[in-house]
């Protein structure tokens, strides 16, 4: 195709905008696990026809955030124990790969960005704001993957991090002292600054393992 025949994309499509807003609603719990999505209600809320709404919802089905039940409709996924295990296994692989790339690049720049997210976590803890704390926790892991410089890792992590946000509201209930979460992340940052690859990977693995065992007691990332 001649380049002259390619037209620039001037703005995000309606379906893409709706899909993004639905993702955000799933992430922040406005659409909780198991919630049914009614086409009529959502079309009225978005003030759109059913065409772009259906396209948006099918995007989320393909991403694994919505499930379709025959004769019933679309529902936000419920995270079963096996799903939680699978999410953290995949996240562990992606974040380990991201950390290795960071350690081969500008470690201090990455650590500085991660520091900001942990400061946000501490501020949220001081304000007794569990939602802000979970959001800052998620930003830490987004920043870690982004700092790797790998767009493929970023793309691979996108849906996983949305699913992780669905886990965090449950996870935050398992900590008796919020400082535990802040300290875990600070230890990872210090190991990155020191350039200690073995320690960084061990801390990341322990962080994921701890989350899985809190969410699904008796389950380990090393299960056969």
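Which one, 122, 44, 19, has the greatest fluctuation when you compute a Gaussian network model over the chain with C-alpha springs under 10 angstrom? So, out of 122, 44, 19, the one fluctuating most is 44.
Centroid-to-centroid, using Cα positions, segment 126-165 and segment 74-108 are 10 Å apart.
Let me check against my output: what whole-number percent is the relative contact order of the chain, with C-alpha pairs under 8 Å and at least 6 apart?
RCO, the chain: 22 percent.
Any chance you could give the angle, 0 to 90 degrees and rounded to 10, that helix 50-62 forms with the longest Cα principal axis of the chain? Compared with the principal axis, the helix lies near 30 degrees. Annotation: the residues 199, 53, sorted from fewest to most other C-beta atoms within 10 Å of their own C-beta, follow the order 199, 53. Computed over the chain with a Gaussian network model linking Cα atoms closer than 10 Å, the most mobile of 72, 165, 155 is 72.
If we count other beta carbons within 10 Å of each Cβ, what is the order of 162, 145, fewest first?
Numbers: 162 18, 145 26.
In order of increasing Cβ crowding within 10 Å: 162, 145.
Compared with the dominant principal axis of the Cα atoms in the chain, helix 179-194 is inclined by about 70°.
Calculated mean residue ellipticity, 222 nm, the chain: -22500 deg cm²/dmol, from DSSP H runs (n ≥ 4) at -39500 (n - 2.57) each, averaged per residue and rounded to 500. Seen against the Cα atoms of the chain and their longest principal axis, helix 14-27 is set at about 40 degrees.
Where a number appears in this text, it was derived from the coordinates with a stated rule and is not lab data. Since we're looking at a predicted model, the values are computed, not measured. Cβ: placed from backbone, ideal geometry, glycine included. Neighbour counts: every protein chain shown.
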